[in-house]
Amino acid sequence: MKVKREKVRLSWSDPRFRAYVYQALILGLVVYAIWFLVSNTLDNLAARNINTGFAFLKQEAGFAIGESYIEYSLTDTYTRALGVGIVNTLVVSFIGILLSTLLGVLIGVARLSSNWLIHKLAAIYVEVMRNIPLLIHLFFWYALFTEIFPGPRQALNPISGVFISNRGIMLPSVQGASLLWMALAFALALVLTIVLAVYGKKRQRLTGQTLPVFWIACTLIVLLPALAALLSGFQLSLNIPELRGFNFQGGMSFTPELTALLAGLVFYTAAFVAEIVRSGIQSIGKGQWEAGRSIGLRNSQVLRLVVMPQALRVIVPPMSSTFMNLAKNSSLAVAIGYPDIVSIVNTMLTQTGQAIEAVSIIMLAYLTISLSIALLMNWYNQRIALVER
């Protein structure tokens, strides 16, 4: 039965009428404040003969970028340089989120270990890492690579083909025509794994029978790329870095700036992830552990099959904020010379003097990244939410 709402009376004694008036006044004040700031800024810029707008993005950049995952040259435009900065920021954010999640989950579980030594070591790690400012983390790792590690001629060689020096970390790389087909096969394996996981949950809900999704997924991820390499003629070659002159040539390299940035972000953020995971697991009652053990499950199985699926509903919301903080904290890369979007836009600002436009670009970039992470995590949170019957 629908409840009929009374009409709003145009009288100050009606609380809803007063609420609408107050909201209209506040909205008007906000609009006026925005108009005043924008018009005042434009007037001041015009009085000083400072050009405004984003037309400068079509001009030639004329500056070098030390590290780029897309093609870039000195003759490219500012738009291209901006694209390089965005890609560099996205790469660091993605790798940082992935590695900090894996390390944080491991440390969070270790904090709940019954082993005294493991428990204490995990607790010390969390307390030390999260109580040191991130900028100090970055300076420490950058100094470690550039000042402590030896030069290329005396580079550390812990594993054959892997070299660590003050020029970064050099790793072997795989090249060849079959690599593209293997990448496509790997993507297909991931898609099949997702489909299989959805089908496995549906089957378990209807029949109670479980499907070994993990082992099937591992088989697909290994078998499909191997089959793609075989069918494409196995056109692959291993490119091992070699010392030539004063530096290494060939292979794949991680510069000191990128390595220091990732190390600082990962070790710092993992401490917060660990606490989120620990609190999420502890939010599940002991009865769930006892119920799992009573049907013959080992502790690892109880954690994976019973506790973690329930704890995720507590873990995911704060993890969203942690991931967004990691993406925003990557802006500190400018302090150690990694060419992220902040560093590149700062160079653009120095050359063009377009301060307002430059700051607006940085704000829009990080706003877009943060909102994208929030939307993805909210979607995942809705997928694992309990459905009321």
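The values are calculated or read from the model by the stated rules, or taken from the named source; none is laboratory data. As the structure is a computational prediction, the values presented were derived from the model and not from experiment. Don't worry about glycine lacking a Cβ; one is built from the backbone with ideal geometry, like all the others, and counts go over all protein chains shown. Ligands, DNA and RNA are stripped out before the accessible areas are found, and what is left, the full protein with its side chains, is counted by its heavy atoms. Shrake-Rupley method; radii C 1.70, N 1.55, O 1.52, S 1.80 Å.
Summary table below
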| quantity | calculated |
| --- | --- |
| Cβ pairs under 8 Å, 6+ apart, first in segment 369-389 and modelled with pLDDT under 90, second in a helix (DSSP H, G or I) and open to solvent by 70 Å² or more (accessible area, probe 1.4 Å) | Asn381/Arg313; Ile384/Arg313; Ala385/Arg313; Leu386/Arg313 |
| Test: residue in segment 18-35 that is assigned to a loop (DSSP other than H, G, I, E, B), open to solvent by 80 Å² or more (accessible area, probe 1.4 Å) and not acidic (Asp, Glu) | no |
| Odd one out for Ser114, checked against (1) without any contact (Cβ under 8 Å) to a residue 12 or more places away in the chain; (2) more than 30 Å from Gln301 (Cβ to Cβ); (3) polar (S, T, N, Q) | (2) |
| Listing of helices (runs of 4 or more DSSP H) fully contained in segment 270-389 that carry 3 or more residues being more than 26 Å from the chain's Cα centre (by Cα) | 286-294, 341-352 |
| Residue selected from segment 175-193 under the condition of a type in the set (S, T, N, Q) and either at pLDDT 85 or above or outside any strand (DSSP E or B) (or both), by the criterion surrounded by the fewest Cβ atoms within 10 Å (Cβ to Cβ) | Thr193 |
| Some residue of segment 133-149 being without any contact (Cβ under 8 Å) to a residue 24 or more places away in the chain, over 16 Å from Leu258 (Cα atoms), surrounded by fewer than 15 Cβ atoms within 10 Å (Cβ to Cβ) and charged (D, E, K, R) | no |
| Every residue from segment 314-358 that is β-branched (Val, Ile, Thr), open to solvent by 50 Å² or more (accessible area, probe 1.4 Å) and without any contact (Cβ under 8 Å) to a residue 40 or more places away in the chain | Val314, Val334, Thr350 |
| Cross-chain or 6+ apart pairs with Cβ under 8 Å, segment 49-69 first and on the phi > 0 side of the Ramachandran plot, then part of a helix (DSSP H, G or I) and surrounded by 13 or more Cβ atoms within 10 Å (Cβ to Cβ) | Gly53/Glu357; Gly62/Gln351 |
